[in-house]
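Read through the structure below, which is laid out as C-alpha cells, and then see the notes.
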C-alpha cells in the first residue's frame with residue numbers, strides 16, 4: 001500500500017508505522033507498537049548478556065627482590081585463579097635503579113611462569129612497559 005494509506009491505518013489503530021528495511025526497493029514498513037517492540041528488544045539483549053560467561057582479569061604483582069616465600073604464595077594464588085578459569089595479568093614492577101637491570105626482571109618473570117603448575121596458555125607474551133614487564137595468561141581448556 002502507499003505510505004499515505006499505511007499512515008492512515010496506523011493512526012486508526014493508534015499504533016506506529018515503523019520503517020523496517022529502508023534500503024529495500026520499495027522501502028518496507030510495518031505497523032506495530034514501537035514501545036512494546038523496544039521493550040522486547042531490551043529484554044532479549046539482557047537475556048543474552050546474562051547467558052554470557054564473564055571472564056575476570058586477576059592481577060599479580062611481583063618485584064625483582066621478592067622473597068622465595070612470597071613468590072610461593074603468589075604462585076599458589078595464580079594456580080587458584082587458573083582453576084577458577086580467570087585470566088591473569090602478572091606484572092613485575094621495577095623501582096629506581098632496578099630499571100637498569102631489566103634482563104634480570106625478565107628472567108625472574110620467566111622463572112615464575114615456569115614454576116606455575118597446571119595447564120595455562122600465554123595470551124599476551126612478555127611485554128615491557130615503563131614500570132617493568134607484564135604477561136597475560138589464561139587457563140588451557
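A compact table of results
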| quantity | calculated |
| --- | --- |
| Separation of alpha-carbon centers, segment 97-132 and segment 66-88, rounded to whole Å | 14 Å |
| Angle in degrees between helix 34-51 and the longest Cα principal axis of the chain, rounded to the nearest 10 | 20 degrees |
| Ratio of Rg to Rh over the chain (Cα coordinates, Kirkwood Rh, two decimals) | 1.42 |
| Crossing angle, helix 102-115 versus the chain [Cα axis fit, 0-90 degrees, rounded to tens] | 80 degrees |
| GNM top mover of 47, 100, 24 - the chain, alpha-carbon springs below 10 Å | 24 |
| Gain in span if fully extended, residue 98 to residue 52, counting 0.36 nm per residue against the direct Cα distance | 12.3 nm |
| Taking the chain and dividing mean pair separation by its residue count, relative contact order in percent (alpha carbons under 8 Å, at least six apart) | 19 percent |
| 222 nm mean residue ellipticity, helices alone, for the chain (DSSP H n ≥ 4; -39,500 (n - 2.57); rounded to 500) | -14000 deg cm²/dmol |
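Just so you know, all these numbers are worked out from the coordinates, no wet-lab data involved. Quick caveat, the model's predicted, so the values are computed rather than measured.
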